[in-house]
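To keep things clear, I will list the structure first and then write my remarks on it.
The values are calculated or read from the model by the stated rules, or taken from the named source; none is laboratory data. Every value quoted in this text rests on a predicted model; they were computed, and no experiment measured them. Here the Cβ positions follow ideal geometry from the backbone for every residue, glycine too, while neighbour counts run over all protein chains shown.
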Amino acid sequence: MKIIILGAGQVGGTLAENLASEDNDITIVDTDSGRLRELQDRLDIRTIEGKASYPSVLDQAGALDADMLIAVTNSDEVNMIACQIGQTLFNTPTKIARVREHDYLNKNQKIFGEKGIPIDVRISPELLVTKHIKRLIQHPGALQVLDFADGKAQLVAVKAYYGGPLVGREISYLRAHMPAVDTRVAAIFRSGSPIIPKGDTVIEADDEVFFIAARKDIRAVMSELRRLDHPYKRIIIAGGGNIGARLAESIEDNYQVKIIERDMRRCNLLARTLDNTIVLQGSASDRELLIEENIEDTDVFCALTNDDEANIMASMLAKRQGARTVMTLINNPAYVDLVQGGAIDIAISPQQTTIGALLTHVRRGDVVAVHSLRRGAAEALEAVAHGDKSSSKVVGKTIEEISLPPGTTIGAIVRNDEVLIAHDDVVVESGDHVILFLVDKRRINEVERLFQVGLTFF
């Protein structure tokens, strides 16, 4: 695919890195020559220095024969204008834009409708991160919770703890121990390295276990791998920006929520717009304030400011003062591995959350969801099977008969409203949503080809 990426920031750079390794023709545009040089030294990509919305720059980047335009600059307005020009002057088939501003998104039907700005896919990082944190709050003890098939099936990552019923036992024991619950362990990460699980694989303490199950069975499976945490009640959010405000708004009816925000004007705005949230003016690194707000009784402390260092320090302080679970927003990928698992329980990377949403639209075949896992090392995707026995490599075959690339497993199949865990004898039908787990992303092209139909289908 020939793809133009506008904006060489953290999202644009990470996306270029992901796509360049998959034999795509990538051109990246930015005004920062230093950043472009750095990316070109590392990756096999073409770079153009210039303003992303200028017709001459887009022409130079090859917009006339590009398959896709992905606008992820820091400016919503530049992203929108670039898509408009991509359509008007170059007739680019697919246009994706990052739109952050709440005011644009509130009127999205009119602005981005049939007669509006021609953007095929809008990506809002703040919205994606908010949904991600909300799912983690709904599943105490989970490191990652991913929705497939509109939430009918979920892939959950948990850390196996000493004392869990399954720790020290083979995976096959799970079925015997829980005959009423159907689940599949998709992958295990042990000391950072992936293990493709088999029936005789023994789960060890501190393993990061990814399992897939129907939404209703998630909590039961989690209880086998670790002591089940009590549902969360009390939440403190540090930072009343876009993400903090959206999170408070989405959970305030079901939890006791407090927001700590430095800026007085922002505090006044939050107090007017939020109905059941207590808004506190001050610093989340103020020990006295945290003690005053009973930090020791807090179930979740979410540090969501736009300053990584402030988030990390506030989180470490909150943990030391007794907060049960600490979630921290970290933009710098180098920090994520440094802090997660210590004082900070869950480090949230907006880049990885956004990348998954973007990759959904880049993947060949009918791919409806992509999630980046383990900071981009692995990937989970949902592909729709089409065709029949003669035109498809998967339809009409049992799971056992499908020749999957090494390091790839099928976790589940969603058929209509039913979640079928992928046992060897399950037959794939046309229209099935197949959920796959890849520990080796270099195999993605082979997986895409697997779900592409042959010419006999048409």
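Look at the stretch 314-331 and say how many of its residues are under 16 Å from the mean Cα position of the chain (by Cα) and assigned to a loop (DSSP other than H, G, I, E, B).
Qualifying residue count for the region: 2.
Every residue in the stretch 247-274 that is out of contact with any Leu (no Cβ under 7 Å at 6 or more places or on another chain) and among the charged types (D, E, K, R), please.
Asp253, Arg262, Asp263, Arg265, Arg266, Arg272 - these are the residues of the stretch 247-274 that are out of contact with any Leu (no Cβ under 7 Å at 6 or more places or on another chain) and among the charged types (D, E, K, R).
Mind listing whichever residues of the stretch 91-112 are crowded, with 16+ Cβ neighbours inside 10 Å, farther than 18 Å from Leu15 by Cβ and in contact with a strand residue (DSSP E or B) (Cβ under 8 Å, 6 or more places away or on another chain)? Even if it seems obvious, please write down each step before you answer.
In the first step, residues of the stretch 91-112 are kept if they are crowded, with 16+ Cβ neighbours inside 10 Å; the result is 92, 94-100, 104-105, 111-112.
In the following step, the residues that additionally are farther than 18 Å from Leu15 by Cβ were identified as 104-105, 111-112.
Leu105, Phe112, listed by residue number.
Among the candidates Val426, Val453, single out the residue that is surrounded by fewer than 21 Cβ atoms within 10 Å (Cβ to Cβ), β-branched (Val, Ile, Thr), at pLDDT below 85 and over 26 Å from Gly192 (Cβ atoms). Before the answer, list the steps.
Working: Val426 fails: at pLDDT below 85.
It is Val453.
Name the single residue, out of those in the stretch 83-121 being basic (Lys, Arg) and at pLDDT 90 or above, that is farthest from the chain's Cα centre (by Cα). Before the answer, list the steps.
Here is the first cut: in the stretch 83-121, the residues basic (Lys, Arg) are 95, 98, 100, 107, 110, 115.
Subset that is at pLDDT 90 or above: 95, 98.
On the way: Lys95: 20, Arg98: 15 Å.
So, considering only residues that are basic (Lys, Arg) and at pLDDT 90 or above, the one farthest from the chain's Cα centre (by Cα) is Lys95.
Is it fair to say Ile260 is part of a helix (DSSP H, G or I) and either modelled with pLDDT of 90 or more or surrounded by 15 or more Cβ atoms within 10 Å (Cβ to Cβ) (or both)?
On the way: part of a helix (DSSP H, G or I): no; either modelled with pLDDT of 90 or more or surrounded by 15 or more Cβ atoms within 10 Å (Cβ to Cβ) (or both): yes.
The answer is no for Ile260.
Each row is one residue, and each column tells you yes or no for (1) among the basic types (Lys, Arg); (2) in contact (Cβ under 8 Å) with a residue 12 or more places away in the chain; (3) in contact with a helix residue (DSSP H, G or I) (Cβ under 6 Å, 6 or more places away or on another chain).
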| position | (1), (2), (3) |
| --- | --- |
| Ile188 | no, yes, no |
| Lys198 | yes, yes, no |
| Val202 | no, yes, no |
| Ile212 | no, yes, no |
| Ile236 | no, yes, no |
| Gly241 | no, yes, no |
| Val257 | no, yes, yes |
| Met264 | no, yes, no |
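Would you check if there is a residue in the stretch 126-143 being of a type in the set (Val, Ile, Thr), free of Cβ contacts under 8 Å to residues at least 60 places away in the same chain, over 15 Å from Gly411 (Cβ atoms) and in contact with a Lys or Arg (Cβ under 6 Å, 6 or more places away or on another chain)?
Taking the stretch 126-143 and keeping what is of a type in the set (Val, Ile, Thr), we get 129-130, 133, 137.
Now narrow it down to the ones that are free of Cβ contacts under 8 Å to residues at least 60 places away in the same chain: none.
No: the stretch 126-143 contains no residue that is of a type in the set (Val, Ile, Thr), free of Cβ contacts under 8 Å to residues at least 60 places away in the same chain, over 15 Å from Gly411 (Cβ atoms) and in contact with a Lys or Arg (Cβ under 6 Å, 6 or more places away or on another chain).
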